[in-house]
Amino acid sequence: MTQSHTFCFSMDVELGIGAEHSVVKRCSDPKHARRVMVDVLSGLRKTGIRATFALIGHLMLPGCQGHDPRRSPSIDWWKMDPCSSYPSEDSWYAPDIVRMIDSEGHEIACHTFSHVDFASPACTPNVARFEIEEWLKASGNMGISSRSFVFPRNNTGYLELLPEYGFDRYAVDGGSQDFFNPSLPSPYPSEVGGMLVIPRTFMISEFRLSNPQKAGKLSRLLMHWKKRGGFFHLWTHEWSLASRRDLMILGNALKFAGRHGEGIGFSDL
Ligand SMILES: [Zn+2]
Ligand SMILES: [Zn+2]
């Protein structure tokens with residue numbers, strides 16, 4: 001890190017993929033997702049911040065005809081798969097979003113192929129390998145490579161597989177309470193077992209921002225970061241930014257961070 005004020009912005013891009021997302025209306029609204037992406041990318045462009053977008057691999061497919069159920073997780077996400085193509089099923093396939101992100105020079109990270117919790121007993125070693133290998137295939141077909149990994153729900157598992165597939169860094173839930181504790185160092189990325197572990201300081205979600213106390217906490221954290229320096233990692237999902245107000249608060253946070261620090265992706269750390 002080259003500056004005393006380092007800022008990361010990352011977004012997990014999920015749309016309707018994964019058993020838990022495909023049943024939640026706001027996750028599977030493809031129009032909303034695309035409106036959010038245009039807005040966020042414009043905010044990043046204006047503030048000169050390079051960001052990391054953790055994509056579910058299935059979204060990178062132009063289309064599919066289903067997947068091998070013997071290697072798929074026991075949760076039945078693959079039964080919901082429309083086995084169709086973009087743009088007719090644009091909450092399951094989003095090569096347009098991948099191109100938008102990539103053409104702006106942002107980083108694309110692995111968020112598994114179908115959003116399987118790597119810490120769940122349903123995720124056998126075969127499933128974990130399937131999830132990583134299919135992600136690499138889908139991203140490779142789009143000319144994208146990555147060394148950064150974001151675990152679904154930030155639950156780590158099969159860490160030993162990551163370097164085997166070329167990943168040398170991953171994000172974890174950072175715990176913003178530590179950030180305020182003056183006796184603790186700022187939660188900087190640290191090296192553990194040869195991997196760079198990148199803490200996520202604060203998550204923006206509509207649940208938080210509709211609550212003025214939580215929105216106020218983001219402002220206080222950013223002021224604290226400005227005063228003390230160090231590392232600040234703001235993250236969210238495209239479906240978490242549910243309202244204009246959420247987008248406005250994020251836009252203001254990006255402006256503040258761009259003015260007071262250097263906004264970089266995981267691979268720049
Ligand atoms: Zn599919
Ligand atoms: Zn996720």
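The values are calculated or read from the model by the stated rules, or taken from the named source; none is laboratory data. What you are looking at is a predicted structure, and each value in this text was computed from that prediction instead of being measured. For neighbour counting, all protein chains shown are included, and Cβ atoms are generated from backbone atoms with ideal geometry for every residue, glycine included.
Assorted remarks:
- Near pairs, Cβ below 9 angstrom, 6+ apart or cross-chain, from the stretch 133-153 (within 13 Å of Arg99 (Cα to Cα)) to any residue that is of a type in the set (Gly, Ala, Ser) and away from ligand 1 (no atom under 16 Å from the Cβ): Ser139/Ser145; Ser139/Ser146
- Complete set of residues in the stretch 3-17 that are aliphatic (A, V, I, L, M) and more than 16 Å from ligand 1 (Cβ to nearest atom): Met11, Val13
- The set of residues in the stretch 78-88 being closer than 21 Å to His32 by Cα and either within 16 Å of ligand 2 (Cβ to nearest atom) or free of Cβ contacts under 8 Å to residues at least 12 places away in the same chain (or both) consists of Pro82, Pro87, Ser88.
- Scanning the stretch 59-91 for residues that are assigned to a loop (DSSP other than H, G, I, E, B) and surrounded by 17 or more Cβ atoms within 10 Å (Cβ to Cβ) gives Leu61, Cys64, His67, Ser72, Pro73, Ile75, Asp81, Tyr86, Glu89, Asp90, Ser91.
- Filter result for Thr52 (among the hydroxyl-bearing types (Ser, Thr, Tyr), closer than 28 Å to Leu161 by Cα and more than 16 Å from ligand 1 (Cβ to nearest atom)): yes
- Identity of the residue in the stretch 92-128, surrounded by fewer than 21 Cβ atoms within 10 Å (Cβ to Cβ) and of a type in the set (Ser, Thr, Tyr), that ends up modelled with the highest pLDDT: Ser103
- For the stretch 54-91, a tally of residues being at pLDDT 95 or above, closer than 16 Å to Cys27 by Cα and aromatic (Phe, Trp, Tyr) returns 0.
- Those residues of the stretch 129-145 which are of a type in the set (A, V, I, L, M, F, W, C), under 22 Å from Pro163 (Cβ atoms) and modelled with pLDDT of 95 or more, in sequence order: Ile132, Trp135, Leu136, Ala138, Ile144
For (1) within 19 Å of the chain's Cα centre (by Cα); (2) at pLDDT below 95, each residue gets a yes or a no:
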site	(1), (2)
Gly230	no, yes
His233	yes, yes
His237	yes, yes
Leu241	yes, yes
Arg244	no, yes
Gly258	no, no
Gly263	yes, no
Ser267	yes, no
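- Selection from the stretch 1-19 of residues that are of a type in the set (A, V, I, L, M, F, W, C) and either at pLDDT 90 or above or surrounded by fewer than 24 Cβ atoms within 10 Å (Cβ to Cβ) (or both): Met1, Phe7, Cys8, Phe9, Met11, Val13, Leu15, Ala19
- Across the stretch 92-130, the qualifying residues are those that are part of a loop (DSSP other than H, G, I, E, B) and among the hydroxyl-bearing types (Ser, Thr, Tyr), and the one among them that is nearest to Pro30 (Cα to Cα) is Tyr93.
- Scan the stretch 215-269 for residues that are part of a helix (DSSP H, G or I) and more than 18 Å from Arg34 (Cβ to Cβ) and the total you get is 29.
- Of the numbered criteria (1) within 20 Å of Ser114 (Cβ to Cβ); (2) within 16 Å of ligand 2 (Cβ to nearest atom); (3) touching a helix residue (DSSP H, G or I) at 6+ places or on another chain (Cβ under 8 Å); (4) not in a strand (DSSP E or B), the one Val24 fails is (3).
- Taking residues in the stretch 154-171 that are free of Cβ contacts under 8 Å to residues at least 60 places away in the same chain and assigned to a strand (DSSP E or B), and partners anywhere that are surrounded by 15 or more Cβ atoms within 10 Å (Cβ to Cβ) and of a type in the set (Phe, Trp, Tyr), the pairs with Cβ atoms closer than 7 Å and at least 6 places apart or on different chains are Tyr170/Phe149; Tyr170/Phe151.
- Restricting the stretch 221-250 to residues that are small (Gly, Ala, Ser) and either within 16 Å of ligand 1 (Cβ to nearest atom) or closer than 23 Å to Leu269 by Cβ (or both), the residue that is surrounded by the most Cβ atoms within 10 Å (Cβ to Cβ): Gly230
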